[in-house]
Amino acid sequence: MTIRKDIGLAVKLVKDVAASRRAQKLLAGRLLGDGPLPLGRFKIAVYFADGAVNLYQMRQWYRPLAVLAETWPVIVLSRTGTGALPMSEECPVPVTYVRKVADLERVVAEQDIRIVFYVNQNARNFQMMRYPRCWHVFINHGESDKMYMVTNQIKAYDYAFVAGDAALARLDRVLWDYDFDKRAITIGRPQADHYSGVLPYVPDDRQVVLYAPTWEGDRPTAAYGSIASHGVALATALLASSRHRLIYRPHPRSGVTDEAYGAANRRIIALIKAANARDPAAHHMYDTGAELGWQLAAADVAIVDISAMVYDRLAAGKALLVTRPADPAAEIDTGGYLAACEWLDASAASSIVGTVDALAHDPEAEARLGVWVERYFGDAAPGAATARFHAAVQHLMDEWERFDAVRP
């Protein structure tokens, strides 16, 4: 088993290197055609050191960044070819490929970057954080009660933009000597102001169920994924119903560490294909699109694992089920929403049709949800989070001016 795993890792490494070289070659030609960046134009940079597998972390910020760029020019600094290539095609703000530290230094020297955003905790973030005279701000790639959200690494940044009171309370339980009043700024969930898009199907009287599980995790304490434990059973039940439409949106990393998990993922995809062949009008979906928003707004009920998707959906204020991890070692923070959420156990997955029907028409569950929306995101009225996001940026720009005026 160990030898087979090592061979698999070696094959993956070779494929990754080949993909990186192809991306670099394509980018070289594209960048030559684009010409140099205009000098001194960009005030905000988003630093992204990952490749395509973690591109979902950037994609959820596309729309908020596009709106922000109308006021403050924004550029994405991508350190990998496999990340830069797709972003150069789909990101609504400019993307530049800075593979080498020398490339990064050139961009920093030529631009007027005053704020740098970070969407994850990649170790290569420190290659950017060495630069002074700009604010380094952790904006994360989602709000959740995962243990990832309470890491001491947040202290490495000048500031952190967090969703709301729940995030502050979560961090306050674990961080020592951290100035929350100054360094943690609540902005809500700006992405929720963009939960829209063209539906890839014609709406009808079917109840729409979004199933958006996370990946299997790389250790027992983070084994939140439900595809193998819940997924096949609930998908089978929903696909057999003529009253439901399933939108299946698995995490891009599903199956990367556990072949059984990957096999269950492929099984659900095959079930969707077969169900659509039987009834094309059902229009069940296996969704891998870059855009996340319309799914959260369109679903009557969402089924998600313990992940940022819980809170992406919570921001929509609509019916929500959270899968209970099958692995008893998985850590669950019950100090927040997960203490009062609607849980779905693996043993109940095959009875999902009745569960989602009941939840979609439960006024008490709806009222409870509203309380938690306020707790996690504050004012969730349309446009409120975007306004707070922009106000936070303006505050840091003002602080930059204040320090620049008194420091040599």
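Rule-based calculations on the coordinates, nothing more; no lab input. Please read these numbers as outputs of a predicted model, since none were measured by experiment. So basically every Cβ, Gly included, is an ideal-geometry build from the backbone, and we count neighbours across all protein chains shown.
Between Ala360, Ala264, Ala381, the GNM of the chain built on Cα springs shorter than 10 angstrom shows Ala381 fluctuating the most.
In this Cβ point-charge picture (+1 for Lys and Arg, -1 for Asp and Glu), region 32-188 has a dipole of about 300 debye about its Cα centre. Descending by average beta-carbon neighbour count within 10 Å, the peptides 245-253, 347-355, 74-82 line up as 74-82, 245-253, 347-355, the highest first.
Considered as an equivalent ellipsoid built on the Cα gyration tensor, region 264-373 has semi-axes of 25, 17, 15 Å, the largest given first. Neighbour counting of Cβ atoms within 10 Å sorts the residues Glu110, Glu70, Glu259, fewest neighbours leading, into Glu70, Glu259, Glu110. For region 119-235, the spread of Cα positions along the three principal axes, ordered from largest to smallest, is 54, 35, 29 Å. Projected onto the charge dipole of the chain (+1 at Lys/Arg Cβ, -1 at Asp/Glu Cβ, origin at the Cα centre), which of Leu246, Gly317, Val356 gives the Cα projection farthest towards the positive end? The residue sitting most towards the positive pole is Leu246.
Relative to the longest principal axis of the Cα atoms of the chain, helix 259-278 runs at roughly 60 degrees.
Computed over region 32-188, the quotient of the alpha carbon radius of gyration and 2.2 N^0.38 Å is 1.03. In plain terms, the residue of Tyr224, Tyr62 with the fewest other Cβ atoms within 10 Å comes first and the most crowded comes last, giving Tyr62, Tyr224. Cβ-Cβ distance of Asp204 and Ile269, R₀ of 25 Å, FRET efficiency by 1/(1 + (r/R0)^6): the value works out to about 0.60.
For the chain, the orientation-averaged shadow of the C-alpha convex hull comes to 21.5 nm² (one quarter of the hull surface).
Charge dipole (Cα centre; +1 on Lys/Arg Cβ, -1 on Asp/Glu Cβ; no other charges) of region 207-377 amounts to roughly 480 debye.
In region 124-193, a dipole from Cβ-located charges (positive for Lys and Arg, negative for Asp and Glu) runs towards its positive end, and of Tyr178, Gln191, His136 it is His136 whose Cα lies farthest in that direction. When the chain is treated as a Gaussian network with alpha carbon springs shorter than 10 Å, the biggest mean-square fluctuation among Pro94, Pro328, Pro36 belongs to Pro36.
On a per residue basis, the convex hull of the C-alpha atoms belonging to region 86-144 measures out at 115 Å³. Compared with the dominant Cα axis of the chain, that is its longest principal axis, helix 363-377 is turned about 10°.
Using a Gaussian network model of the chain in which every pair of alpha carbons under 10 angstrom is joined by a spring, one finds that among Tyr201, Tyr47, Tyr97 the greatest mean-square fluctuation is at Tyr201.
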